[in-house]
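Trainee: The structure under discussion is supplied below as structure tokens; questions concerning it will follow.
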Amino acid sequence: MFGFLKKSGEGDANESRPWKDRLRAALSRSRDRLSGQLAAVFRRARIDDALLEELESALLGADCGVAATAWLLEELDARVRREAITDPSRLHGVLAELLTGLIAPLERPLETEGHKPFIIMLAGVNGSGKTTSIGKIAHYYRSQGKSVLLAAGDTFRAAARSQLMIWGERNGVTVIAQEGADPAAVVFDAVGAARARGIDIVLADTAGRLPTQLHLMEEIAKVKRVIAKAAPGGPHEVLLVLDANTGQNALAQVAAFDAALALTGLVVTKLDGTARGGVLAAIARSHPLPLRFIGVGEGIEDLRPFCAADFVEALLAPPRA
Amino acid sequence: MLDNLTARLARVVKTLRGQARLTEDNIGQALREVRVALLEADVALPVVRDFIEEVRKAALGQEVVGSLTPGQALVGVVHRELAALMGTHNAALDLATQPPAVILMAGLQGAGKTTTVAKLARMLRSRQKKKVLTVSTDVYRPAAIEQLRTVAAQAGADFFPSAAGERPSDIASGALQYAKSHYYDVLIVDTAGRLHIDQPMMEEIAELSRVLSPIETLFVVDAMQGQDAVNTARAFNEALPLTGIILTKLDGDARGGAALSVRHVTGKPLKFAGTGEKLDGLEEFHPERMASRILGMGDILGLVEEAQKSVDQDKAREFARKIKTGKGFDLSDFREQMSQMRKMGGLAAMLDKLPAQFGQMAQQAGGALEDTAVRRIEGIIDAMTPLERARPELLKASRKRRIATGAGVSVQEVNRLLNQFEQVQKVMKQFSRGGMQKMMRGMRGMLPRMH
């Protein structure tokens, strides 16, 4: 992790590279595989069952899941019939449109105006990248000149508190933490502190938990209720942090955390390198929620608001000559 | 949660049951269902393709075609092939070397390496009485080293200190020297999570491997991982001499298709399965059970083990006697059963371990089974006197009113509980009259053959 530590010399060059290029570079592997496969598909002589089956394999292999893949193929087939498309090379454009149309509803950037402090609570399974995301989101808002406060609500995992403190130091923001405290109590204090200090944004970390651990799901629902007590109307945003490496269980996670917490948005991490992006299509199809941020790299700058068109372009664009 | 491989294969059996015979023509449709089910369980596509071919051959080869119950026969074949693919035995750790035996951990970010190090350390200490040293070479993630120090202490293992400014290979050789000069049996080396396409980081862990010459190099895989599991596993397998795989977060509701993918690509044994965040949550990996779990035949053995761990043996024997005789099952026993179930990780976890049909039946059995409801029931029973618990027929209007007030519920809820209790008592009586056998006979048509 944290490429900016290892490759400090490259830090500046990294900063100046446009986000779109970095997105494209980060997705290059999934793109190479997906667009490489697609290029082969679209080079076929005609549109037939064999072509559709190959396309199906490419989409399934990108973690799109069975339902979203079936939907994309049906829509594609309908368009082919309606517009009497016979040239496979035209399918690329059609697929890009369909995919963009499918995930465009997820593109709803987070508005933090209107509440002060604006309280953001993060939840997710173990190892999905909550604490790291908080560090990067804090950086994002700091770079917009907003004041940020972090609440170390992960009182369970060893050293989670220290991990968040280090992120606090890096971003120059206060971290509210207590040893051996109840997570709800820590977050309650943090909200109080944020109000007293006139902070713009509070980011509340929570311990990782699997949705099957019912008592932990109850615990996190309590954290949310306690926030509402500390600041009526809060939390203003409840984010589920998803690891893009996760397969179709991502859908189960979205459903379970939504049921427990009434999610208002998603953060998808680790989309670089290994990740396939297809899981976004699966989520858009089965349980669409606003995708607030995506993480495409290990640098502190590599977590950004999601843009559907950029994403599909970066994912499907043929490798540049 | 139930629209997984379990439910799908139950449906496969149903579709097939309508047909008199499974033939080369119609097996394609059945296999397509299996394919979809495996994909939904996150088994990687190339692995699914190979697997389906194996099943097709095995199915056409012999028992399935022409079988009177082709659905069962096919599921049987699928189960056998699944178990075979995941390895037919569980491979223990190999520590037979001149001490210290070095174990190197590798995996993606967030796979669960550090937690697994502590679980392994605890297992080696408590079961094999080994003297264990742990060390972290994760100089990147903030507080990763501190995390290992804390969990190693919880596991009762020693910890070799390292710092974020040091080079991982220097830390490793320092720890190795220390382990040698202090006569440790085992040195477990934690590493930073890394992407398999991050060339410098893969080079770094390859160097760690050269410095340490580990006897075990364990690849830690998140059971929830998707299609990319094949590529990750392939890359780590090429960069490192992997000796085994540990599957983590298996207590979630992911079907664990990644297990198949990784095993298929690397050919390395699946050695352990991580469940839960407590340090005793590391089990030997059982391919048969995993195949059963994936196929919805249920991890009955796992359930039995779970029960043995958390159930008071004497109480269990007494309870068994009550079931057998159908006598003396009272509200105290009812409450005891409820809290036992909660101890076993809640109902959702238990239902997952049951075969699909049992699981669905149990779910239909009603709202009484939800965990919050269980706690209310406990509350109501707690508000009764011991005499009332033993003889529920005593409960008339005024006693019920008192209990309702004491438990903070309405009288209707007390009545509902008493009704449920009566139902359970009836079932108990059926059990005792050989109803169990009758039930099993009824089930046999639905379940695949058990081997």
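The values are calculated or read from the model by the stated rules, or taken from the named source; none is laboratory data. For clarity, every value in this text was computed on a predicted model and none was experimentally measured. Here Cβ is always computed from backbone atoms with ideal geometry, including for glycine, and neighbour counts include all displayed protein chains. These area figures cover heavy atoms from the full protein model, side chains too; ligands, DNA and RNA do not enter into them. Shrake-Rupley method; radii C 1.70, N 1.55, O 1.52, S 1.80 Å.
Trainee: With the requirement that a residue be touching a Phe, Trp or Tyr at 6+ places or on another chain (Cβ under 8 Å) and in a helix (DSSP H, G or I), what does the range B:151-170 give you?
Mentor: Result: B:ALA152, B:ALA153.
Trainee: Still on this structure, please answer the following. Residues in the range A:213-242 that are within 12 Å of another protein chain (Cβ to nearest Cβ) and modelled with pLDDT under 95: how many? Full working, then the answer.
Mentor: Our first condition is that a residue be within 12 Å of another protein chain (Cβ to nearest Cβ); within the range A:213-242, this holds for A:213-218, A:221, A:241-242.
Right, trim to modelled with pLDDT under 95 and you get A:213-218.
Total meeting the criteria: 6.
Trainee: Let me confirm something: among B:ALA118, B:ALA84, which residue is surrounded by fewer than 18 Cβ atoms within 10 Å (Cβ to Cβ), part of a helix (DSSP H, G or I) and either modelled with pLDDT of 85 or more or touching a helix residue (DSSP H, G or I) at 6+ places or on another chain (Cβ under 6 Å) (or both)?
Mentor: B:ALA84 is the lone residue from the list that is surrounded by fewer than 18 Cβ atoms within 10 Å (Cβ to Cβ), part of a helix (DSSP H, G or I) and either modelled with pLDDT of 85 or more or touching a helix residue (DSSP H, G or I) at 6+ places or on another chain (Cβ under 6 Å) (or both).
Trainee: So, one more: Could you tell me whether any residue of the range A:61-69 is hydroxyl-bearing (Ser, Thr, Tyr), more than 25 Å from the chain's Cα centre (by Cα) and over 30 Å from A:VAL226 (Cβ atoms)? Reasoning before the result, please.
Mentor: Within the range A:61-69, the first condition is being hydroxyl-bearing (Ser, Thr, Tyr), and the residues that meet it are A:69.
Still in the running and more than 25 Å from the chain's Cα centre (by Cα): none.
No, the conditions are met nowhere in the range A:61-69.
Trainee: Among the residues of the range A:47-60, are any under 21 Å from the mean Cα position of the chain (by Cα) and part of a helix (DSSP H, G or I)?
Mentor: Yes.
Trainee: Among the residues of the range B:193-216, is there at least one that is without any contact (Cβ under 8 Å) to a residue 24 or more places away in the chain, more than 9 Å from chain A (Cβ to nearest Cβ) and in a loop (DSSP other than H, G, I, E, B)?
Mentor: No; the residues of the range B:193-216 include none that is without any contact (Cβ under 8 Å) to a residue 24 or more places away in the chain, more than 9 Å from chain A (Cβ to nearest Cβ) and in a loop (DSSP other than H, G, I, E, B).
Trainee: Moving to a separate point now. When both residues are 6+ apart or on different chains and their Cβ atoms are under 6 Å apart, which pairs have a first residue that lies in the range B:147-165 and is away from chain A (no Cβ under 12 Å), and a second that is open to solvent by 20 Å² or more (accessible area, probe 1.4 Å) and of a type in the set (Val, Ile, Thr)?
Mentor: B:SER162/B:ILE145
Trainee: Against the condition more than 16 Å from A:LEU239 (Cα to Cα) and within 14 Å of another protein chain (Cβ to nearest Cβ), how does A:GLU179 come out, does it pass?
Mentor: So A:GLU179 fits the description; yes.
Trainee: Being within 14 Å of another protein chain (Cβ to nearest Cβ), under 16 Å from A:ARG209 (Cα atoms) and open to solvent by less than 40 Å² (accessible area, probe 1.4 Å) is the filter here, so list the residues in the range A:134-158 that pass it.
Mentor: Matches in the range A:134-158: A:ALA152, A:ASP154, A:ALA158.
Trainee: On to the next question. Which condition breaks for B:GLU284 when tested against (1) within 17 Å of B:PHE219 (Cα to Cα); (2) among the charged types (D, E, K, R); (3) at pLDDT below 65?
Mentor: (3)
Trainee: Considering each of B:LEU176, B:LEU133, B:LEU195 in turn, give the residue that is more than 22 Å from A:ALA158 (Cα to Cα), over 27 Å from the mean Cα position of the chain (by Cα) and open to solvent by less than 60 Å² (accessible area, probe 1.4 Å).
Mentor: B:LEU176
Trainee: I need every pair where a residue in the range A:241-270 that is within 16 Å of A:SER286 (Cα to Cα) and part of a loop (DSSP other than H, G, I, E, B) has its Cβ under 8 Å from the Cβ of a residue that is of a type in the set (Asp, Glu) and at pLDDT 95 or above, sequence separation at least 6 or different chains.
Mentor: Every condition considered, the pairs that remain are A:THR264/A:GLU237.
Trainee: Okay, moving on. Tally up the residues in the range A:47-62 that are open to solvent by 20 Å² or more (accessible area, probe 1.4 Å) and either touching a residue at least 40 places away in the same chain (Cβ under 8 Å) or touching a His at 6+ places or on another chain (Cβ under 6 Å) (or both), please.
Mentor: Here the count works out to 1.
Trainee: Also: Anything in the range A:247-281 that is more than 29 Å from B:MET202 (Cβ to Cβ) and within 12 Å of chain B (Cβ to nearest Cβ)? List them, or say none.
Mentor: A:LEU251, A:ALA252, A:ALA255, A:ALA256, A:ALA259
Trainee: Regarding B:ALA144, is this residue crowded, with 24+ Cβ neighbours inside 10 Å, within 13 Å of another protein chain (Cβ to nearest Cβ) and within 20 Å of the chain's Cα centre (by Cα)? Spell out the reasoning first.
Mentor: On the way: crowded, with 24+ Cβ neighbours inside 10 Å: yes; within 13 Å of another protein chain (Cβ to nearest Cβ): yes; within 20 Å of the chain's Cα centre (by Cα): no.
It is false that B:ALA144 is crowded, with 24+ Cβ neighbours inside 10 Å, within 13 Å of another protein chain (Cβ to nearest Cβ) and within 20 Å of the chain's Cα centre (by Cα).
Trainee: Can you report the number of residues in the range B:236-254 which are open to solvent by less than 20 Å² (accessible area, probe 1.4 Å) and either within 14 Å of chain A (Cβ to nearest Cβ) or touching a Phe, Trp or Tyr at 6+ places or on another chain (Cβ under 6 Å) (or both)?
Mentor: The qualifying residues number 9.
Trainee: Scan the range A:107-132 for residues that are open to solvent by less than 40 Å² (accessible area, probe 1.4 Å) and more than 22 Å from A:LYS222 (Cβ to Cβ) and jot them down. Step through it out loud before you land on a result.
Mentor: Step one: filter the range A:107-132 for residues open to solvent by less than 40 Å² (accessible area, probe 1.4 Å), giving A:110, A:112, A:117-132.
Result: A:LEU110, A:THR112, A:GLY127, A:GLY129, A:THR132.
Trainee: Select, from B:GLN177, B:GLN227, the only residue that is of a type in the set (S, T, N, Q) and within 14 Å of chain A (Cβ to nearest Cβ). It would help to see each step written out before you state the result.
Mentor: Details: B:GLN177 fails: within 14 Å of chain A (Cβ to nearest Cβ).
The unique qualifying residue is B:GLN227.
Trainee: Which condition number in (1) more than 14 Å from chain B (Cβ to nearest Cβ); (2) open to solvent by less than 10 Å² (accessible area, probe 1.4 Å) is the one that A:LEU164 fails?
Mentor: (1)
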